[in-house]
Amino acid sequence: MRTFDCCCGNSLFFHSTYCISCNRNTGMCPACNRVVPVIEEVDGICRCGNPDCGVEVTQCFNGETNDFCNRLVVKAELENLCDYCTLTTVIPDMPIAGNYEKWKRLEQAKQRVLYLLDQIGLEFRGVDENSEPTLSFEFKADAEKPVTTGHKNGCITINIREADSVERERSRVELQEPQRSLIGHFRHELGHFFWDRLVRGDREVAFRVLFGDERTPTYKEALTNYYQKGPALNWTSNFISAYATMHPWEDFAETFSAYLDMASVVDTATHFGVTDSGIQDFDAMLKSYSRVGLIANEFNRDMGLLDLVPQVFVQPVVEKLRFVHGLRKEV
Ligand SMILES: [Zn+2]
Ligand SMILES: [Zn+2]
Ligand SMILES: [Zn+2]
Ligand SMILES: [Zn+2]
């Protein structure tokens, strides 16, 4: 993630709620899409402190009552919750110990992913009658019925167990995944959401050329098959991950997730002057990611951590990533 500037010259971070240097309140302004100081005028009106923006803002209800949302609400819209928080329709049961922390981790991972979507022009809001399905999030715990993390008709459900790092690591080892993170879950499930919104009915022919036919075998058959037999031995020559071999929809979601990983890392690297590619040109971005990923992997190995970029980008995978890139609209 990039950093932002306070009017006092200090750096602000993505989740900053105040500036540690000048003590001003800070927040993410949805109008200019950056973390800004909030300037309170004599009459009590609060404005975005970016001189090029200056819209009247209020705090999100989840910033006022809980400490995990710094996204501001444009005053004219008269909403209590910001446009990100309002998408969460089911939150964990708060009287249960530990659930507040889980909710906070889930929302903060979600905020990072949605911010990136805004940056790269993948529209997730309901903009018109053609914007189907409508996006929402449910954060649920296992009860009588176990909760499966997944996407259905625009609704992304995350099992809150995934917000417990010990549980998540256990699953990662069991499933032999090179990485498992909350942010990764959001990116993967959003892949299913964007398939429904941007590929279904519009780009299916081009999709099938790269990812295969999603109709045969059916998803259910593919699922049973995968858990009986596992991935094909030579999967690395065509797929981004073992799980991507399960069905073309999972291949797309895994590729979409890897694309967002790439865009966020290269945006950060560009912001800090590590590379100058930016994230508009696909080939330049991919080239930067390969180089930055190699260096970051060595940093992580220096520290005994898992690789930042565990994937290998063989040519068929590159073409699938390029397909995802083509879904972006100009911003
Ligand atoms: Zn400041
Ligand atoms: Zn602003
Ligand atoms: Zn909020
Ligand atoms: Zn999936």
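The values are calculated or read from the model by the stated rules, or taken from the named source; none is laboratory data. As the structure is a prediction and not an experimental result, all values here were calculated from the model. Here the Cβ positions follow ideal geometry from the backbone for every residue, glycine too, while neighbour counts run over all protein chains shown. Accessible surface is based on the protein model in full, side chains and every heavy atom, while ligands, DNA and RNA are left aside. Shrake-Rupley method; radii C 1.70, N 1.55, O 1.52, S 1.80 Å.
Modelled spin-label separation between K152 and C7, with each label point placed 7 Å from Cα along the Cα-to-Cβ direction: 4.9 nm. Using only Cα coordinates, the Kirkwood hydrodynamic radius of region 213-269 works out to 12.3 Å. Of the beta bridges in the chain, as assigned by DSSP with both residues counted there, near 70 percent are antiparallel.
Quick one: grab the alpha carbon gyration tensor of region 203-331, order the square roots of its eigenvalues as a ≥ b ≥ c, and give me rounded if a/c is under 1.5, else prolate or oblate depending on whether a/b is larger than b/c. Let's see the in-between values first.
Numbers: a/c = 2.81, a/b = 1.48, b/c = 1.90.
Judged from the Cα gyration tensor, region 203-331 comes out oblate (a/c at least 1.5, b/c at or above a/b).
What Kirkwood Rh does the chain have if only Cα atoms enter the pairwise 1/r average? Answer in Å.
Here the Kirkwood hydrodynamic radius works out to 21.3 Å.
Leaving out ligands and nucleic acids, and using a 1.4 Å probe, what accessible area per residue does the chain come to in Å²?
Dividing the accessible area of the chain by its residue count gives 52 Å².
Averaging Cα coordinates gives a centre for region 264-331 and one for region 168-239; these two points are 20 Å apart. Between the beta carbons of D67 and A284, assuming R0 = 56 Å, the FRET efficiency works out to 0.90 to the nearest 0.05.
With all protein chains in place and a 1.4 Å probe, the accessible surface of the chain carries 52 percent carbon and sulfur.
Ordering of 41-49, 184-192, 2-10, 117-125 by packing is 184-192, 117-125, 2-10, 41-49, highest average first (other Cβ atoms within 10 Å, averaged per residue).
Taking 7 Å steps out from each Cα toward its Cβ at Q179 and H271 produces label points 1.6 nm apart. Listed here are the pairs K102/K140; K110/K152; K152/K220; K104/K140; K104/K329; K110/K140; which of them are more than 20 Å apart at the Cα? Distance filter (> 20 Å) returns K104/K329.
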